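The values are calculated or read from the model by the stated rules, or taken from the named source; none is laboratory data. Computed from a predicted structure; not experimentally measured. Ideal geometry is used to build each Cβ from the backbone, glycine not excepted, and the neighbour counts take in all protein chains shown. Surface accessibility is based on the protein's heavy atoms, side chains included, excluding ligands, DNA and RNA. Shrake-Rupley method; radii C 1.70, N 1.55, O 1.52, S 1.80 Å.
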Amino acid sequence: MSEGADKLNAVLEGLAQLPSDQCWGLSRADHARQGLHAACQSEAPALIPAARLLLAQGFFLEDVSAADLNEGVLLSYHFDLFDACRRVALRLLVPRENLTAPSLAGVYTGADWHEREVFDFFGVVFTDHPNLKPLLLPEDLDERPLLKRPEERRSLYALLPQEHLVRGKP
């Protein structure tokens, strides 16, 4: 087995040890089809411990993105290795009534700008962020340009494979 595969296995074993009500839908993915090797749905309390597991195995944060869906705003965090492609996604569904999520900037300093961009366009407030202010948009803009009207939103279940949405461990 390659070093990259060993690191991915260590991350999956670590994620499987997190409380099942906080990290679920843990599954391997078909990289050729989905662009990922593994994915996990996270609740807010498990996000930072999961990111620390990835960092301990040498994974870097590629990006933080968001999608406005029927069920809330889905944050997707993509991680990978420099020396071997082993892409992992952590996803956190943020309820529209409380658009807050923990900041990963204390674990990955590069999360700073990614989270500021999500704040700009979706209005998600990242708790404990060191510098949460608009990155690209004017500070006095009251609009969140990537939030959709209800009739424009799609369901989470139409976008992600079922194995990424089912609660439980592999």
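Summary of computed values
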| quantity | calculated |
| --- | --- |
| Flag if Glu13 is open to solvent by 50 Å² or more (accessible area, probe 1.4 Å) and either under 10 Å from Leu90 (Cα atoms) or in contact with an Asp or Glu (Cβ under 9 Å, 6 or more places away or on another chain) (or both) | no |
| Long-range neighbours under 8 Å by Cβ, at least six apart or interchain, first residue at negative phi within segment 61-90, second hydroxyl-bearing (Ser, Thr, Tyr) and at pLDDT below 95 | Leu69/Ser155; Asn70/Ser155; Glu71/Ser155; Ala84/Ser2; Leu90/Ser42 |
| Tally, over segment 1-10, of residues that are open to solvent by less than 30 Å² (accessible area, probe 1.4 Å) and without any contact (Cβ under 8 Å) to a residue 60 or more places away in the chain | 0 |
| Evaluation of Gln22 against (1) of a type outside the set (A, V, I, L, M); (2) more than 17 Å from the chain's Cα centre (by Cα); (3) open to solvent by 20 Å² or more (accessible area, probe 1.4 Å) (one fails), failing number | (2) |
| Residue within segment 44-57 that is part of a loop (DSSP other than H, G, I, E, B), in contact (Cβ under 8 Å) with a residue 24 or more places away in the chain and either open to solvent by less than 20 Å² (accessible area, probe 1.4 Å) or within 22 Å of Val125 (Cβ to Cβ) (or both) present | no |
| Lone unmet requirement of (1) within 17 Å of the chain's Cα centre (by Cα); (2) farther than 18 Å from Ala101 by Cβ; (3) open to solvent by 20 Å² or more (accessible area, probe 1.4 Å) for Arg33 | (1) |
| Set Glu62, Glu71: member being open to solvent by 50 Å² or more (accessible area, probe 1.4 Å) and under 14 Å from His114 (Cβ atoms) | Glu62 |
